[in-house]
Amino acid sequence: MPDVAETRRSVYLILMAVAVAIAAARVVGAENVLEPSRYKPPISKDGVGGYGSETDRQWPTERPDPTPMYSSNDKSRWATIRCLVDEGTYVIGKRVFPDGHDPKTFKDEGVVTEPQYKSLDIVLRPLGDDASGTQTREFYSSKPPLMTTLLAAEYWLLKRAFGWDIVRDRWLVIPTIVFTVNVLPFAIYLILLARLIEASGKTDFGKLLAFSAAALGTYLITFSGTLNNHLPAAYCILFAAYPLVCAMSEKRDMEVGGYLGCGFFAGFAATFDLPAAAFLAAVGIPLLIARTRQTLFFFIPAAVIPLAGLLLCNYVAMGRFTPAYGEFGGPWYNFEGSHWAKRGTPAAKGIDFNDEPTVVYAFHLLFGHHGWFSLTPVWILALGGLLGMGIRSAVDVRKLLGRGKGTGWTPEVFAAMTLVVSVVVFAFYLTRTQSYNYGGFTSGPRWLFWLIPLWVLGLLPAADRLGGSKVGRLLCVVLLGFSVLSVFYPTPNPWRPPWILQLMEFTGYLHY
């Protein structure tokens, strides 16, 4: 009789090979391709472009240089990486005022002015906060500098070892770095997830469905070809949760290495996606109560390391500990010529300046054109599983706070934690009324991507339960199929609107 567990592991291996190969193909085949639907036609009587167009975009009159960089988001980071290694500075450009600070006489210069590096995700040091003198002001990336500093170290090594230059050899430098930060960790992520799924799942169908979703049904594979902070954040969340879930499933306490790894990667995740600090707190506070000594001596110091690194890099970069994006809506962003300075003017058009009511924004972020559940409906199953287990967690929470055996955590408590963290993060984005833009031109709700590994684990109880009937299995695979559709729809460029929004625009139902 065949070994069922061995067969499952073979299926995991096959799916893993396919998923990692697809992610690698996105990296080595990355090229920013101009899509006509995103540009205004050259002649338009009503002055409005075709469906899905970004109304201020004009089709180039000359052939642009090919590039593996896709959007303002990653170009801003690449500009910093280039300047750190090639020029030894976080400054990516300067605004020069030959006649003092007369706003009509300035001239911009530096990397940020080059066509391949032009980006909306930049800030300009305001007047009165300018350490560079009265005749110039400095441009910086608006992205937190720790990630770019670490990747700049890799570029430095590539340059010293092989003589590669990020401008001349961009087709070597950029894919190599993206491969190391997006694809290699993805392979490790899938290996660890397979182990957790094997340990936590109850049925063959549930285990295979959860791993299939993890491999091919989430936006982690969509964004694998572009430099971004969301994938490293998601990987760190899984790396942080791994020792805790292993100890939980084996009903034992974590070893010292488990506390160190859990703390370090939970803190590291927060440096990539600030709202991931909710996960750090949701794991750290119960551990501090249940296992005070281990948490104080190992978890917390490990978590502080990446957080301190972020603050240090921010201070070295701009002479301040607070991140640049904390100044959104202020003078750092709203300088002359800035995309964000258009707010409140007739030029403020498109999704970046969306002014929908909060309830409408919340709907579209959950069930609408950028919906967590509408684009990847496999999460509807996960929600059912998380709710079912979370409701049963009350007794276990009391045991956890009462210093029970092991770490005190149970699958029910972990599910409740996932729900609480998800609600907190969702509520956080509903309070940022100046940023009701769904993450800009993006094919999915990218601000929520770091929650993906937690929701994959939430799939297991629902899939286990539904897998007992033909109708249940059919429902699961249909929801997974639609999730895969959304994930692979934006194949040319992940920085484009989701298929639901494009369908709404095509039918005339909605247009930003």
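Since every read-out is calculated from the coordinates, none of them should be taken as a lab result. Quick caveat: nothing in here was measured; it's all calculated off a predicted structure. Counting neighbours? That spans all protein chains shown, and the Cβs are built from the backbone with ideal geometry, glycine included.
For residue 34 and residue 108, compute 0.36 nm times the residue count separating them, minus their Cα-Cα distance, and round to one decimal in nm. All intermediate terms of the calculation are to be shown ahead of the outcome.
Working: separation 74, 0.36 × 74 = 26.64 nm, distance 2.60 nm.
My answer for the length gained is 24.0 nm.
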*Give the angle, between 0 and 90 degrees and rounded to the nearest 10, that separates the Cα long axis of helix 470-488 from the longest principal axis of the Cα atoms of the chain.*
20 degrees
*Report, in whole Å, the centroid distance computed from the Cα atoms of segment 338-380 and segment 168-200.*
30 Å
*Which aspartates and glutamates have a Cα less than 17 Å from the Cα of residue 94, not counting those fewer than 8 places away in the same chain?*
86, 102, 108, 109, 114, 121, 129, 130, 138, 336
*Taking the Cα centre of the chain as origin and charging only Cβ (+1 Lys, Arg; -1 Asp, Glu), how large is the dipole, in debye to the nearest 20?*
1120 debye
*Calculated [θ] (222 nm, deg cm²/dmol) that DSSP helices of n ≥ 4 give over the chain, each run adding -39,500 (n - 2.57)*: -17000 deg cm²/dmol
*In what order do 230, 370 fall by count of nearby beta-carbon atoms within 10 Å, going from fewest to most?*
230, 370
*For the pair residue 356 and residue 391, what calculated FRET efficiency results from E = 1/(1 + (r/R0)^6), where r is the Cβ-Cβ distance and R0 = 30 Å, to the nearest 0.05?*
0.40
*Run the dipole for segment 233-321 about the Cα centre, Lys and Arg Cβ at +1, Asp and Glu Cβ at -1, nothing else charged, and hand back the magnitude in debye, nearest 20.*
160 debye
_Spatial extent of segment 406-512: Rg and Dmax, with the Cα atoms as the point set, Å_ = 17.3, 57
*In whole Å, what are the Cα extents of the chain along the three principal axes, biggest one first?*
78, 54, 49
*Might you report the magnitude of the Cβ-based charge dipole of segment 183-275 about its Cα centre, with Lys and Arg at +1 and Asp and Glu at -1, to the nearest 20 debye?*
140 debye
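Beyond 20 Å, what percent of the Cα pairs of segment 166-251 remain?
Counting pairs separated by more than 20 Å, the tail of P(r) holds 42 percent.
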*Among 107/349; 75/107; 75/118; 104/349, which pairs are too far apart, with a Cα-Cα distance over 18 Å?*
107/349; 75/107; 104/349
*Provide the FRET efficiency to the nearest 0.05 for the residue 11-residue 503 pair, computing r from the beta carbons and using R0 = 25 Å.*
0.15
*Quick one: angle between helix 277-290 and the longest Cα principal axis of the chain, in degrees between 0 and 90, rounded to 10, please.*
40 degrees
*Could you compute the FRET efficiency for residue 58 and residue 428, with r as their C-beta to C-beta distance and R0 at 35 Å, rounded to 0.05?*
0.45
*Using the charge dipole of the chain (Lys, Arg: +1 at Cβ; Asp, Glu: -1 at Cβ; taken about the Cα centre), state which of 419, 497, 83 has its Cα farthest towards the positive end.*
419
